[in-house]
Structure formats: C-alpha cells, structure tokens
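See below for the structure under consideration.
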Amino acid sequence: MQRFFQRLWKWYGNHARNLPWRDTSNPYQIWVSEVILQQTRVAQGIDYYHNFIFTFPDIASLAHAPEEKILKIWQGLGYYSRARNMQAAARLMMDKYGGNFPVRYSEIAELPGVGPYTAAAIASFAFGLPYPAVDGNVKRVVARLFALHEPVQSAAFMQQALALLQELMPGKRAADFNQAMIELGATLCSPRNPACDQCPVAEMCEAHRTGTTDRFPVTRPKKAAVKRYHDYLFLESKGETWLQKRPEMGIWAGLYEFPVHILEYDAGLSPLEIFGNWFYNPGEAVVADRTEFTHLLTHQTIFARFWHLCSDRTNIVEQKNCTRIAMEEIETLPVHRLMHKYLEKKDWRDSTEKQ
DNA sequence: GAAACGTGGGG
DNA sequence: TCCCCAAGTTT
C-alpha cells in the first residue's frame, strides 16, 4: 500500500497532463468540465469548456441564459440533454443554495445530470472529499489491478470496484488520488496495448502479473447500434433556407435542421414519394437533381440527400414548427451535427450542385 | 437491467 | 473500412 502510493504520486507528479480544469478548485468550473467530459474525449471537450466558461462564467449567468444560447454553445458536442440539465441544475442552485454550489456529496448528487461519477469527481476535486470517482478509466485500471472477473457493466463490478477504492482512498489527497487513477487509465492503462512498461504500479497489478491485461475488463457483448436513414431536403430561395425545429423528445431534441424524413431502414423511396406532400406542384417545384449520398456517421449510418429549389415560388405546404429563416439568422440557432458541418463548410451545397 | 442518448478519433 | 469506445446519466 505504501509502495503503491509512493509510485503513484511520483508518476502523477511527473506525468499529469496540464488540463484547464486542473488549474482551478472552483466547483462551478469543475462541474462544467465534468459534464462536458461525460462520454467525451478530453481533446474534443477542451474548446467547448473554454467557450462555455467564457459565455457563462458562473451559476447565475447560466441560470438566466436563454436555453437556445446554451444549446448553441453545446452545438456539435452531442448528448444535448446535458446542456438542459445544467441549466436546470443552475436554477436549482439559485433557488435552493442562494446561487452557491452545494458542498455535500448528497446535495451535489441530486443535481440534474450529475450521477455517481460526476458527484464524486466534484466532491473530491473541488472540496477534497474522499469519494472514489469511478469512470471508464478507473474501472479499467481497477479491473486489471485486481483482476476483477465481473462484467464491467454490471452492478456487481461497480460494488467491488467501489469497495476496493474506498479501502485504497487516502485520508488526504482524495482529489489527487482520483485524478491519478483517471490519468493512469487515460494515458497508460488503455483498452488495447496498455503501456505496462511505463506503469508505476505494474508490479502490483494482478492482470500484469499473470499476463492477462488484454482479458480485462471483462465486457458483455453489446447490442448492434440502430441505423437511421435520413433523407434531407435542402430548400433555398433568395437568401433564405427552410429549417424546422425538432420535437422536444428523442434524438437531437429541440435542435434545428433541414426538413428530413427518417427511417430505420432504407426504403428506397423517391424524392417525390418522401417530400411530395410538401409541394402544391411537385412536378415543377423540385427542379434540381438528386445529388449525392453522404456517409455521416459510423455506427449510426446516416445518408443525406440534398435537393435544391431554385424557383422563387417554392409553394411549400405549411408544416408545424417550420419557419423561413434568413441565412444570417441560422448562424444563431442550435443545430445538430449535420447542420453544424454544413454551416462550417458552406461549400457542401456547392459541391453537391456540381454533380 | 437495458435502451436511449452524439460525436469523433484511434487501431 | 469497420469496430471500438470515450472523465455517464436518465428513464
């Protein structure tokens, strides 16, 4: 045990990455970073973290912001309920804690969007409380260190990991302990080809001792991802394009997008079969050719097809939640990745036109 | 407990 | 190209 910590502290002191949220003990900033990092890689989260803190520097500014402004900052990051939960939590903190961050684990864990991991991370990083923060990295490290055979997704695994980590948890330096365990999993104890030769605690690792690091953590087979086939209709006329707001439930809730037809199988429908009811005069309204299929996602396969309307009189049937929006205005609306990418590179439209 | 919920990078 | 999975939480 002594040796374990000597090695761990020395390694962490020398190899900890310099990450923006490690420079602060401000619970608000730590909370923001932890929510952003849920199921999200550090490299992807850093810019979002800076933008978020710059735009909403404290609990009050987040609580009072228009929801669409928060979603706009979150645009492209995914799991958008995180952004809404953060505002709900900020408002709760205004009402219940006078705009201050709660300091007890139980209170932190009650905040919307804050589960066991995030609560422990905030409690330890901001307040030094000795709660083990068990994320995917720590699960992997613990599974190998103690050769835990329970599936990593199971409640049994979590119980065992928690018990072991609580036993290990030092009275002082709870924050460093959690950070170091996470860092170990993130940088050396990787899912495949772990760098055991550089690991400070390899000699105390049961999986390493028995040459079985590649068998841990044990995982259950996972269900195949659901595919979605999207047929998008891109309509533009005189500097305006047609957008609609998605429903408040389900994927991309409340974000904006082009008119779309989504199926979980490829129906092979023609543009008119899909969008015909949008037009009073379908034969005349759709003037551009079907252009290209764009492969957008890997495990959720999405195909996008774009068409143009060049006519002045687009004659679109009224749809609920549909609005004509000027191009400049679109820049301020929260959209999901397809639109996000489109707005980043406006030449998408041009490149499809050339076909 | 299982499914839903995004997106991006690495091997 | 395809599969994995990442500082998880909610329902």
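Using R₀ = 35 Å, calculate the FRET efficiency as 1/(1 + (r/R₀)^6) where r is the Cβ-Cβ separation of A:E264 and A:E328; round to 0.05. It comes out at approximately 0.50.
Per the 1.4 Å probe, what fraction of the accessible area of region A:158-263, in percent, lies on carbon and sulfur atoms? Result for region A:158-263: 51 percent of the exposed heavy-atom area is carbon or sulfur.
Measuring with a 1.4 angstrom probe and ignoring ligands and nucleic acids, A:E264 comes out at about 120 Å² accessible. Extending each Cα 7 Å along its Cβ direction at A:F5 and A:M169, get the distance between those two points in nm, one decimal. Here the answer is 1.4 nm between the modelled labels. For region A:104-150, the spherically averaged projection of the C-alpha convex hull amounts to 3.8 nm².
Charge dipole (Cα centre; +1 on Lys/Arg Cβ, -1 on Asp/Glu Cβ; no other charges) of region A:34-174 amounts to roughly 220 debye. Gain on full extension, evaluated as 0.36 nm per residue between A:V226 and A:M204 minus their Cα-Cα distance, stands at 3.8 nm. The alpha-carbon atoms of region A:2-215, seen along their principal axes, cover 55, 34, 33 angstrom, with the largest extent given first.
What's the local net charge at A:V114, with K and R +1, D and E -1, over the other residues with C-beta under 11 Å away?
My count for the surroundings of A:V114 gives -2.
Using just the alpha carbons, could you tell me how many Å³ per residue the convex hull of region A:107-229 encloses?
So the per-residue hull volume is 142 Å³.
Taking packing as the residue-averaged number of other Cβ atoms within 10 angstrom, the listed peptides A:37-46, A:202-211 run from highest to lowest as A:202-211, A:37-46. Residues in region A:1-44, backbone N under 17 Å from the label point at A:N100 (7 Å along the Cα-to-beta-carbon vector): list them, ranges by number please. Inside the label zone: A:25-29.
Seen from A:I251, the other residues with C-beta closer than 15 Å to its C-beta sum to a net charge of +4, counting Lys and Arg as +1 and Asp and Glu as -1.
With viscosity 0.692 mPa s and temperature 37 °C, the Kirkwood radius over alpha carbon pairs of region A:67-171 converts through Stokes-Einstein to a diffusion coefficient of 212 µm²/s.
When the surface is traced with a 1.4 Å probe over the full set of protein chains, A:Y131 keeps roughly 90 Å² accessible. Peptides A:217-229, A:16-28, A:134-146 ordered by packing proxy, namely the average of other Cβ atoms within 10 Å per residue, highest first: A:134-146, A:16-28, A:217-229.
Measuring nothing but how far apart in sequence close Cα pairs (under 8 Å, 6+ apart) lie, relative to its length, region A:2-215 scores a relative contact order of 19 percent. Dipole magnitude for region A:1-90: computed about the Cα centre from +1 point charges on Lys and Arg Cβ and -1 point charges on Asp and Glu Cβ, it is near 520 debye.
The values are calculated or read from the model by the stated rules, or taken from the named source; none is laboratory data. Since this is a predicted model, take the numbers as computed values, not measurements. All Cβ positions, even for glycine, are placed from backbone atoms using ideal geometry, and neighbour counts span all protein chains on display. Just so you know, the surface numbers come from the protein's heavy atoms only, side chains and all, with ligands and any DNA or RNA stripped out. Shrake-Rupley method; radii C 1.70, N 1.55, O 1.52, S 1.80 Å.
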